[in-house]
Amino acid sequence: MQQDTFRHQGMRNRLVSLLREKGIHSKDVLAAISQVPRHLFIDPAFESHAYQNKAFPIGAAQTISHPYTVAFQSEAMSVTKGAKVLEIGTGCGYQTAVLCEMGLQVYSIERQQELFKFAQRKLKELAYFTKQLIFGDGYKGLEKEAPFDAIIVTAGAPYVPKPLLSQLKIGGRLIIPVGEKTQIMHLYERTDQKTFKKQTFGEFKFVPLLEDKN
Ligand code: SAH
């Protein structure tokens with residue numbers, strides 16, 4: 001089995017310094033990134049690059065997000081320990097582990113069976129306890145567990161799915177990259193039952209949030 005060593009910890013510390021230089025301030029986010037062994041979520045062939053700010057293939061034609069993107073989205077959620085959050089696009093489970101490490105109650109949805117199984121096994125092996133990992137379609141959100149303090153979408157959405165907005169608590173936030181080839185990061189804050197405050201950030205690049213049209 002692959003190990004987590006002092007050498008990996010040293011690389012994570014350097015990654016955390018880089019993220020701080022790039023403008024990530026949240027202590028909870030930086031502490032989580034300094035703890036989660038990202039190299040154990042990717043193919044051992046990429047291990048030497050695991051703590052650089054890079055994306056990698058994770059199977060099923062998907063990619064693990066850049067550490068900066070993970071940090072940026074986690075910070076934008078503006079949540080504190082114990083908050084109930086929903087992630088769309090579990091992938092290999094790295095972002096999920098970061099959210100668990102931040103002390104959040106994490107629900108996460110993945111539509112690819114292979115990745116769903118991988119993340120389930122990996123998170124268990126590394127003792128990250130999620131509230132629920134769901135094999136299904138993230139466009140629908142998770143009505144039966146709603147409302148959420150925050151929802152994070154980790155795939156590029158062609159539009160903002162309505163159920164995700166309606167499953168936010170008042171004061172809750174949805175962080176979602178919107179666009180086809182490249183995406184603009186959008187942040188929606190629910191200010192009351194019917195009103196959302198929208199902010200946009202820079203350009204990011206994600207694999208697409210796929211819709212099952214049937
Ligand atoms: N959070 C991951 C990012 C994975 S890439 C990380 O930490 O690296 C995005 C993931 O979204 C892929 O695994 C893809 O299969 C998944 N995805 C795409 N469309 C989806 C949908 N409609 N519902 C749920 N997951 C979806």
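The values are calculated or read from the model by the stated rules, or taken from the named source; none is laboratory data. Computed from a predicted model, the values in this text were never measured in an experiment. All Cβ positions, even for glycine, are placed from backbone atoms using ideal geometry, and neighbour counts span all protein chains on display.
Based on what the data block shows, is VAL153 among the β-branched types (Val, Ile, Thr) and either at positive phi or without any contact (Cβ under 8 Å) to a residue 40 or more places away in the chain (or both)? Judged against the criteria, VAL153 is not a match. Based on this model, can you work out whether LEU115 counts as over 18 Å from GLY136 (Cβ atoms) and modelled with pLDDT of 95 or more? So LEU115 fails the test.
The set of residues from region 143-157 being more than 11 Å from the ligand (Cβ to nearest atom) and not in a helix (DSSP H, G or I) comprises ALA146, PRO147, PHE148, ASP149, ALA150, ILE151. The single condition among (1) outside any loop (DSSP other than H, G, I, E, B); (2) among the acidic types (Asp, Glu); (3) within 16 Å of the ligand (Cβ to nearest atom) that GLU203 does not satisfy is (3). Only residues that are assigned to a loop (DSSP other than H, G, I, E, B), more than 7 Å from the ligand (Cβ to nearest atom) and among the polar types (S, T, N, Q) were counted across region 58-91, and they come to 2.
Reported count of residues in region 166-214, each being at positive phi and surrounded by 15 or more Cβ atoms within 10 Å (Cβ to Cβ), is 1.
In the set (1) part of a loop (DSSP other than H, G, I, E, B); (2) more than 16 Å from the ligand (Cβ to nearest atom), the condition left unmet by GLY171 is number (1).
The residues listed here are LYS144, LYS181, LYS140, LYS197; of these, the one that is basic (Lys, Arg), within 14 Å of TYR107 (Cα to Cα) and more than 19 Å from the chain's Cα centre (by Cα) is LYS144.
Within region 73-89, one or more residues are of a type in the set (S, T, N, Q) and buried (at least 18 other Cβ atoms within 10 Å of the Cβ).
I'm checking my understanding of the structure. Among residues of region 28-55 that are in contact with a helix residue (DSSP H, G or I) (Cβ under 8 Å, 6 or more places away or on another chain), among the small types (Gly, Ala, Ser) and within 16 Å of THR5 (Cβ to Cβ), which one is surrounded by the most Cβ atoms within 10 Å (Cβ to Cβ)? In this case the residue turns out to be ALA50. Taken over region 110-141, the residue count meeting the criterion of being touching a Pro at 6+ places or on another chain (Cβ under 9 Å), within 11 Å of the ligand (Cβ to nearest atom) and touching a residue at least 24 places away in the same chain (Cβ under 8 Å) is 3. For region 19-57, a tally of residues being of a type outside the set (Gly, Ala, Ser), under 23 Å from THR80 (Cα atoms) and in a helix (DSSP H, G or I) returns 10. For region 95-109, does any single residue satisfy the condition of being more than 8 Å from the ligand (Cβ to nearest atom), of a type outside the set (Phe, Trp, Tyr), surrounded by fewer than 19 Cβ atoms within 10 Å (Cβ to Cβ) and not in a helix (DSSP H, G or I)? Taking every residue of region 95-109 in turn, at least one turns out to be more than 8 Å from the ligand (Cβ to nearest atom), of a type outside the set (Phe, Trp, Tyr), surrounded by fewer than 19 Cβ atoms within 10 Å (Cβ to Cβ) and not in a helix (DSSP H, G or I).
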